[in-house]
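Below is one structure, written out as structure tokens, with a few remarks after it.
The values are calculated or read from the model by the stated rules, or taken from the named source; none is laboratory data. Predicted model, so just to flag it, every value in this text is computed and none were measured. Note: ideal-geometry Cβ built from the backbone for every residue, glycine included; neighbour counts use all protein chains shown. Surface areas here come from the heavy atoms of the whole protein model, side chains and all, with no ligands, DNA or RNA. Shrake-Rupley method; radii C 1.70, N 1.55, O 1.52, S 1.80 Å.
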Amino acid sequence: MGMGNPLLDISNEVTEEMLTKYDVKVDSAILAEEKHMPIYKELAEMPGVQYIAGGATQNSIRVAQWMMGEAGQTAYMGCIGKDAFGEQLKGCAQTDGVLVHYMEDEETPTGTCAVLVASGERSLIANLAAANNFKESHLETDLAKEIISSSEIFYSAGFFLTVSVESLLKVTNHAVDNNKIFCLNFSAPFIIDFFGDQVAAALPFADYVFCNESEAEAYGKKHGLGNDGKDLEAVALKVAAMPKTSGVRARTVVFTQGSSCTIVAREGKVTKYDVTPLGADLLVDTNGAGDAFVGGFLAQLTKGADIAKCVDAGHWAASIIIQRSGCTFPEKCEYA
């Protein structure tokens, strides 16, 4: 089960000038400020615009569902508006086979994310809108209780920590009490830098921690680990060794580095897994690559696969997604 911020991605190819105009860095993920608000309309009016179901956690759950095959193996919760964009999100997730149980806000529009693709690299500007209004009370609905009770693995991107830590802690405490698995993604440097207390509240519950190299470095720098974040292996080991609320299983820390090797730290040991290079001519859009990695990883984790197989599935899923526009995938999953 995933819990996060459901967003409708408004995706288009842009120029470097447009990134400069809106003060956006390449390959960044930020929350929208007032200066960014005109970009959604601008993107929508440009030729080639695409509308794709998004939100980091929802992306990972959709990919996991695709790789697992049989419909209904995954579930997702978040808050949407009662509008056309919300219906579009719902339809996409249901078509993918995900059991969605959205909280619906009648007064706030569905959240959107501007996906700016420049030379294959993506930058994200999220306008959370309704996604920001998820309430713990939604977890008391009959279907939410049923989903939580029947789920064995829970996943949330760090973005949700800006919305409802109370909801996340309700789920993580259930996981601890019932010997289930909770997975957390740091998601973006700004989460680490500006929502440190929320990260600190969630981290002790995490059996698996995911992030990319820039997020790992940001965490190391903020907490004085691994030569101020420059030694990623040392940072991974330190995070893996931090206190856990449950001693049933050791924490596994997974740092992805794009086309460079993936670092996995567990029980005082670091293992590195090479990434099979993808030709530059095949790269279309890196949006959703990290989310897809987690989706592939989780799909194998549910089957009880070892870490090497989970990482391999993550690498494969990411390689498929970056050859397509947005976090989309072929109808049939060919992973073996």
Scanning the range 7-49 for residues that are under 20 Å from V284 (Cβ atoms) and charged (D, E, K, R), the one surrounded by the most Cβ atoms within 10 Å (Cβ to Cβ) turns out to be D9
Can you pull out every residue in the range 69-85 that is touching a residue at least 40 places away in the same chain (Cβ under 8 Å) and either open to solvent by 50 Å² or more (accessible area, probe 1.4 Å) or part of a loop (DSSP other than H, G, I, E, B) (or both)? G69, Q73, T74, G78, F85
Consider only pairs whose beta carbons are under 7 Å apart and that are at least six residues apart or on different chains; among these, list those whose first residue lies in the range 184-203 and is more than 14 Å from F255 (Cβ to Cβ) and whose second residue is open to solvent by less than 10 Å² (accessible area, probe 1.4 Å) and part of a strand (DSSP E or B). A202/L184; L203/L184
Please enumerate the residues belonging to the range 282-336 that are open to solvent by 40 Å² or more (accessible area, probe 1.4 Å), within 18 Å of A53 (Cβ to Cβ) and β-branched (V, I, T). V284
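Within the group D228, D281, which residue is acidic (D, E), farther than 19 Å from I307 by Cα and touching a helix residue (DSSP H, G or I) at 6+ places or on another chain (Cβ under 7 Å)? It would help to see each step written out before you state the result.
Numbers: D281 fails: touching a helix residue (DSSP H, G or I) at 6+ places or on another chain (Cβ under 7 Å).
So the residue among D228, D281 that is acidic (D, E), farther than 19 Å from I307 by Cα and touching a helix residue (DSSP H, G or I) at 6+ places or on another chain (Cβ under 7 Å) is D228.
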Unmet criterion (only one of (1) touching a strand residue (DSSP E or B) at 6+ places or on another chain (Cβ under 7 Å); (2) open to solvent by 40 Å² or more (accessible area, probe 1.4 Å); (3) of a type in the set (V, I, T)) for I52: (2)
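Restricting to the range 256-271, name every residue that is touching a Ser or Thr at 6+ places or on another chain (Cβ under 7 Å) and more than 24 Å from D177 (Cβ to Cβ).
Just the residues of the range 256-271 that are touching a Ser or Thr at 6+ places or on another chain (Cβ under 7 Å), to begin with: 256, 262, 264, 266.
Once the filter is applied, which keeps residues that are touching a Ser or Thr at 6+ places or on another chain (Cβ under 7 Å) and more than 24 Å from D177 (Cβ to Cβ), the range 256-271 yields T256, T262, V264.
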Number of positions in the range 122-175 that are farther than 24 Å from V248 by Cβ, assigned to a loop (DSSP other than H, G, I, E, B) and of a type in the set (G, A, S): 1
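Of all residues in the range 224-247, which are without any contact (Cβ under 8 Å) to a residue 24 or more places away in the chain and surrounded by fewer than 18 Cβ atoms within 10 Å (Cβ to Cβ)? Outline the logic, then answer.
First pass over the range 224-247, keeping only residues without any contact (Cβ under 8 Å) to a residue 24 or more places away in the chain: 224-231, 234-235, 238, 247.
Scanning the range 224-247 gives G224, N227, D228, K230, D231, A234, G247.
Of the residues S149, S137, which is out of contact with any Gly (no Cβ under 8 Å at 6 or more places or on another chain) and farther than 22 Å from T245 by Cβ?
Numbers: S149 fails: farther than 22 Å from T245 by Cβ.
Only one candidate passes the filter, namely S137.
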Whether any residue in the range 239-259 is under 27 Å from V26 (Cα atoms), under 20 Å from the mean Cα position of the chain (by Cα) and at pLDDT below 95 is what I want to check. yes
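Sort out which residues of the range 248-281 are open to solvent by 80 Å² or more (accessible area, probe 1.4 Å) and either assigned to a strand (DSSP E or B) or farther than 18 Å from E215 by Cα (or both), and write them in order of number. Steps first, answer last, please.
Filtering the range 248-281 for residues open to solvent by 80 Å² or more (accessible area, probe 1.4 Å) gives 248, 259, 266-267, 269, 272, 274, 276-277, 280-281.
Answer for the range 248-281, where residues must be open to solvent by 80 Å² or more (accessible area, probe 1.4 Å) and either assigned to a strand (DSSP E or B) or farther than 18 Å from E215 by Cα (or both): V248, R266, E267, K269, K272, D274, T276, P277, A280, D281.
Condition first: open to solvent by 10 Å² or more (accessible area, probe 1.4 Å) and within 27 Å of S319 (Cα to Cα). Now tell me which residues in the range 121-151 satisfy that. Talk me through it step by step, then tell me what you get.
First, pick out the residues of the range 121-151 that are open to solvent by 10 Å² or more (accessible area, probe 1.4 Å): 121-122, 124, 126-129, 132-133, 135-138, 140-143, 145-146, 148-151.
Passing the criteria: E121, R122, L124, A126.
State whether one or more residues within the range 94-108 are part of a helix (DSSP H, G or I) and either open to solvent by less than 50 Å² (accessible area, probe 1.4 Å) or free of Cβ contacts under 8 Å to residues at least 60 places away in the same chain (or both). First the steps, then the outcome.
The initial filter retains those residues of the range 94-108 that are part of a helix (DSSP H, G or I), namely 94-95.
When the remaining residues are screened for being either open to solvent by less than 50 Å² (accessible area, probe 1.4 Å) or free of Cβ contacts under 8 Å to residues at least 60 places away in the same chain (or both), the result is 94-95.
Yes, the range 94-108 has at least one match.
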